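J.: Would you mind keeping the following structure in view while I ask a few things?
The values are calculated or read from the model by the stated rules, or taken from the named source; none is laboratory data. Keep in mind the model is a prediction, meaning the values are calculated, not measured. Cβ atoms come from the backbone with ideal geometry, glycine included; neighbour counts cover every protein chain shown. Each accessible area value is taken on the protein alone, full model and side chains, heavy atoms only, with ligands, DNA and RNA left out. Shrake-Rupley method; radii C 1.70, N 1.55, O 1.52, S 1.80 Å.
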Amino acid sequence: MNQRRPRRAAPRPPEGTPARSELARMARSGLADAARVARWADTALGPGRGSATADGKATLSDATADQAARELGLTAAKVRADWDTARLAGLVEVHGDSARPGWRLRAWNRDDSAVLRGWVALFDAWSLAHPEPDGQEPAAVAEVISAMPQVLSFLQLSAGPVPVAQLLDLLEQRVTELRTERCEVPYGPRLEPGTPQSPPSAPLTDAAADTPLAPLLDWALHALASVGALTCGDGHATLTPLGSWAVWVKLEQICVAAQSPAGNIEQSAEDMLRGCAQLRPNAARAEYRAWLAARPVGSAVAELLAGARGEDALLRGLAFEALRVVGAPAEPDVRAVLDEPTLRPYALLWLAEHDGADPEDAHEVLTRQEATWLWVDTAAAVADHGEAPLLVRHLESAVQATVPALLDEVRAVGHPRTVQVLVALAAAHPDPALAKAVRRAAFQVHTGGS
């Protein structure tokens, strides 16, 4: 039972892949213009110096774009393009109407890993970096985005130019598979013969089914070329060294997840988080990365937040740990849940750490009431999934100086699991007097007494 699983040997990239230092040099070169605009924003748009936007959104205001164009000797259109690239690569972050440098920009000249992570973030966001042409059917666009990882994998395995016509055949096959899976794969428990079934999934819209895929493949290839992942010409597409390396990294992440004890890569967010609950932090983060690599960022973030809204407090905490792995692309969605009482304390801590706060000091952004609510929620997770000694030790993390003060504020905060938490704590605590006080508090919460 105590035997350790053999450690998987560190995988090596395919033969001919440049060294990491050379890949980082390529990424720095490709992102040089974006880094230049990000450094300008750091100087010109910091707190008290200027506004990045007119409406609190990430799009540069006309005045700011014109100012940057004058000072950098560029056109306003070029500034906007480089600004968008810098945001997608995590080189600059917008908070309200001010901009600040991302941590990757601070480490740009000394940390190859930070540079490569920034480029991979841009690679993951290729469909945002080069939006689809107007007038395309949204469902068909979504299908092509979902199918492109298989196209990229084929390009990576081919290790050379591939005819676009061949890629179109592969894309059409993969889109057909996606449509079949969506319409025919049952979800939930199997029903016995003769049992009434739910209505089938809504059929694909005629517009999406009739949309020719060749123009969308052309868009996808040019979008990937615009971020430096491949080159197109003479009816062929070829991955760049950076693109080939990034696809290999993501394939490796999927392989690691497939070989993990839980095998979480194909699970829903909730099941994946449950599968990671017993893993050590580093192993769990590897699972999160692999799970995320197999999905579009937007839908993955939405699924994680949906899991965090459930009744299991453990999954709530784990969901935000997975969102920490997502990083900057998750910020708008995390900020959007600040008005949800159940998620607000977790979101505030996430945003504080994202903004550069030390994780040990991030709790200072919480009000006393929010900190108490989070204490109860964490205690609920421990009570449901941990052992009694952990729940007793959890008392030490409370912001209140005394147990009576903690009980008073716990009763007032209104967490739906308050009674269960207090009952579990009373049962676990070895001090009879303290256990009695906690039971009394639980009874008062249960009865609504004082």
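J.: Can you run down the residue pairs with Cβ atoms below 7 Å, 6 or more apart or on separate chains, where the first is in segment 232-256 and closer than 15 Å to Gln150 by Cβ and the partner is open to solvent by 40 Å² or more (accessible area, probe 1.4 Å) and modelled with pLDDT under 90?
T.: Once the first residue is closer than 15 Å to Gln150 by Cβ and sits in segment 232-256, its partners that are open to solvent by 40 Å² or more (accessible area, probe 1.4 Å) and modelled with pLDDT under 90 give Trp248/Pro13; Trp248/Pro14; Ile254/Ala294.
J.: Give me the pairs, please: first residue somewhere in segment 370-389 and closer than 20 Å to Gly414 by Cβ, second residue anywhere and crowded, with 22+ Cβ neighbours inside 10 Å and among the basic types (Lys, Arg), beta-carbon distance under 7 Å, and either six or more positions apart or on two chains.
T.: If the second residue must be crowded, with 22+ Cβ neighbours inside 10 Å and among the basic types (Lys, Arg), the pairs left are Asp377/Arg316.
J.: May I pose another question? Out of Leu91, Leu128, I need the residue that is more than 15 Å from Val175 (Cβ to Cβ), at pLDDT below 85 and either open to solvent by less than 10 Å² (accessible area, probe 1.4 Å) or of a type in the set (A, V, I, L, M, F, W, C) (or both). Which one?
T.: Working: Leu91 fails: at pLDDT below 85.
Answer to the check: Leu128.
J.: Residues that are of a type in the set (Phe, Trp, Tyr): find the helices (runs of 4 or more DSSP H) completely inside segment 61-162 holding 1 or more of those. Can you show your working first?
T.: Numbers: elements: 62-72, 76-88, 103-106, 112-124, 126-129, 138-158.
Counting at least 1 such residues, we get 76-88, 103-106, 112-124, 126-129, 138-158.
J.: Name the residue that is modelled with the highest pLDDT, counting only residues in segment 36-46 that are of a type in the set (D, E, K, R) and under 17 Å from Ala81 (Cβ atoms). So that I can check it myself, show each step before the final result.
T.: Initial filter on segment 36-46 (of a type in the set (D, E, K, R)): 36, 39, 42.
After this cut, where a residue has to be under 17 Å from Ala81 (Cβ atoms) as well, the list is 36, 39.
Numbers: Arg36: 94, Arg39: 91.
Within segment 36-46, the match that is modelled with the highest pLDDT is Arg36.
J.: Additional query: In the set Ala302, Ala262, Ala290, which member is modelled with pLDDT under 85 and outside any loop (DSSP other than H, G, I, E, B)? Give the derivation first.
T.: On the way: Ala302 fails: modelled with pLDDT under 85; Ala262 fails: outside any loop (DSSP other than H, G, I, E, B).
None of the other options fit; the residue is Ala290.
J.: Among the candidates Pro212, Pro138, which residue alone is at pLDDT 65 or above, of a type outside the set (A, V, I, L, M, F, W, C) and surrounded by fewer than 11 Cβ atoms within 10 Å (Cβ to Cβ)?
T.: Numbers: Pro138 fails: surrounded by fewer than 11 Cβ atoms within 10 Å (Cβ to Cβ).
Only one candidate qualifies: Pro212.
J.: So which of Arg12, Arg20, Arg49 is open to solvent by 100 Å² or more (accessible area, probe 1.4 Å), modelled with pLDDT of 80 or more, more than 22 Å from Ala225 (Cβ to Cβ) and of a type outside the set (Gly, Ala, Ser)?
T.: Details: Arg12 fails: modelled with pLDDT of 80 or more; Arg49 fails: modelled with pLDDT of 80 or more.
Exactly one of Arg12, Arg20, Arg49 is open to solvent by 100 Å² or more (accessible area, probe 1.4 Å), modelled with pLDDT of 80 or more, more than 22 Å from Ala225 (Cβ to Cβ) and of a type outside the set (Gly, Ala, Ser), namely Arg20.
J.: Then there is this: Given the conditions (1) surrounded by fewer than 15 Cβ atoms within 10 Å (Cβ to Cβ); (2) within 26 Å of Arg417 (Cβ to Cβ), and given that Asp312 satisfies all but one, which numbered condition is not satisfied?
T.: Asp312 satisfies every listed condition except (1).
J.: Right, Arg117: within 23 Å of Gly243 (Cα to Cα), in contact with a Gly (Cβ under 8 Å, 6 or more places away or on another chain) and at pLDDT below 90 or not?
T.: Values: within 23 Å of Gly243 (Cα to Cα): yes; in contact with a Gly (Cβ under 8 Å, 6 or more places away or on another chain): yes; at pLDDT below 90: yes.
Judged against the criteria, Arg117 is a match.
J.: Right, next: Is it fair to say Asp384 is surrounded by fewer than 18 Cβ atoms within 10 Å (Cβ to Cβ) and farther than 28 Å from Leu323 by Cβ?
T.: Working: surrounded by fewer than 18 Cβ atoms within 10 Å (Cβ to Cβ): yes; farther than 28 Å from Leu323 by Cβ: no.
No, not satisfied.
J.: Would it be correct to say that Asp33 is within 21 Å of Ala89 (Cβ to Cβ), assigned by the TED database to the domain that holds Arg104, of a type in the set (Asp, Glu) and at pLDDT 90 or above? Working first, answer last.
T.: Numbers: within 21 Å of Ala89 (Cβ to Cβ): yes; assigned by the TED database to the domain that holds Arg104: yes; of a type in the set (Asp, Glu): yes; at pLDDT 90 or above: yes.
When the stated conditions are applied, Asp33 passes them.
J.: Which one of these is open to solvent by less than 80 Å² (accessible area, probe 1.4 Å), more than 18 Å from Ala442 (Cβ to Cβ) and at pLDDT 80 or above: Val410, Val376, Val365? Steps first, please.
T.: Working: Val410 fails: more than 18 Å from Ala442 (Cβ to Cβ); Val376 fails: more than 18 Å from Ala442 (Cβ to Cβ).
Of Val410, Val376, Val365, the one residue that is open to solvent by less than 80 Å² (accessible area, probe 1.4 Å), more than 18 Å from Ala442 (Cβ to Cβ) and at pLDDT 80 or above is Val365.
J.: Continuing with the same structure: Can you tell me which of Pro359, Pro345, Pro341, Pro332 is open to solvent by 60 Å² or more (accessible area, probe 1.4 Å), in a helix (DSSP H, G or I) and either out of contact with any Lys or Arg (no Cβ under 7 Å at 6 or more places or on another chain) or in the same structural domain as Ala99 (by the TED database) (or both)?
T.: Numbers: Pro359 fails: in a helix (DSSP H, G or I); Pro345 fails: open to solvent by 60 Å² or more (accessible area, probe 1.4 Å); Pro341 fails: in a helix (DSSP H, G or I).
The match here is Pro332.
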